[in-house]
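The structure appears below as structure tokens.
The values are calculated or read from the model by the stated rules, or taken from the named source; none is laboratory data. Just so it is clear, the model here is predicted, and its values are computed rather than measured. Cβ coordinates were reconstructed from backbone atoms using ideal geometry, including for glycine residues, and neighbour counts include every protein chain displayed. The area values use the complete protein model at the heavy-atom level, side chains included, leaving out ligands, DNA and RNA. Shrake-Rupley method; radii C 1.70, N 1.55, O 1.52, S 1.80 Å.
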Amino acid sequence: QHIVDSGANAMIIRTAWVYSSFGKNFVKTMRKLGADRTELSVVADQMGAPTYALDLAQVLLHIIIERTKLQGVEIHHFTNQGTCHWADFAKEIMRLSGLDCKINEITSDQYPTPAKRPSYSVLDMDSLYLRFPQARKRSWESALEECIDVLEKE
């Protein structure tokens, strides 16, 4: 909000559900738990769109390389294409990782967290693709497959 209020020429890129082969994230956690357990309970009433950090980085680089001219503040969203809930995401992680771990679908009420999570957090990317039509569009499933391939080689 401070950037918006500042009057500066700036671009804000909002994203969600980011994962990669580095650091701590949902994909790496699910793979670790899936290797150690026969079943897991994962929330199935929160919809979103996973974002592979590599794809996000490529979009950001494209914007930088294009030397985008800004007049005021622009706000855009980027995630990989498609939607799922956390349990669907976990199931696909297990499948692509070759892990025999059953994913039990639960509600958010059954998995309380300190932070209240929205049930629908899918971001509209129309403005990003109108502004940058050549920005890469890739399904979350395809991006996840690439990330797991990278993890398998480590």
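Considering Cα pairs under 8 angstrom that are at least six residues apart, work out the relative contact order of the stretch 72-154 and quote it in whole percent. Mind dumping the intermediate values first?
Working: 42 pairs, mean separation 43.6, N = 83.
Once normalised by length, the contact order is 53 percent.
Close amide H contacts of Thr51 (hydrogens built in the peptide plane, cut-off under 5 Å, sequence separation of 5 or more or a different chain): Val18, Tyr19, Asn80. Per residue, the accessible area of the chain comes to 60 Å² when a 1.4 Å probe rolls over the protein heavy atoms. Using all pairs of distinct alpha-carbon atoms, the Kirkwood hydrodynamic radius of the stretch 1-145 works out to 16.8 angstrom.
Packing around the peptides 138-147, 37-46, taken as the average count of other Cβ atoms within 10 Å per residue, puts them in this order, highest first: 138-147, 37-46.
Between Lys153 and Glu66, the simple spin-label model (points 7 angstrom out along Cα→Cβ) gives 2.9 nm. Coupling constants for the stretch 110-123 follow from the phi torsions by the Karplus curve (6.51 cos²θ - 1.76 cosθ + 1.60, θ = phi - 60°), and in residue order they are 7, 9, x, 10, x, 8, 6, 9, x, 6, 9, 10, 6, 9 Hz; glycine and proline get x. Compute the distribution of all C-alpha to C-alpha distances in the stretch 44-104, in bins of 10 Å from 0, and list the percent of pairs in each, rounded to whole numbers. Final binned percentages: 18, 35, 25, 15, 6, 0.
For the stretch 1-109, which chymotrypsin sites (Phe, Trp or Tyr not before Pro) are both in a DSSP coil and crowded by at most 13 other Cβ atoms within 10 Å?
On the way: sites: Trp17, Tyr19, Phe22, Phe26, Tyr52, Phe78, Trp86, Phe89; in loops: Trp17, Phe22, Phe78.
Listed in order of number, the matching sites are Phe22.
Between the amide H of Ile75 and those of Ile12, distances stay under 5 Å, these residues lying 5 or more places away or on another chain, with hydrogens modeled in the peptide plane.
Element breakdown for the chain at a 1.4 angstrom probe: carbon and sulfur atoms account for 52% of the accessible area. Contact order for the chain, expressed relative to its length and based on alpha carbon pairs under 8 Å spaced 6+ residues apart, stands at 35 percent. Full extension of the chain between Asn25 and Gln110 gives 28.5 nm of extra length, using 0.36 nm per residue less the Cα-Cα distance. Distance between the modelled labels on Ser41 and Ala57, one decimal in nanometres: 3.7 nm (7 Å Cα→Cβ projection).
Across the stretch 12-95, the mean sequence separation of Cα contacts (distance under 8 Å, 6 or more residues apart), normalised by length, yields a relative contact order of 48 percent.
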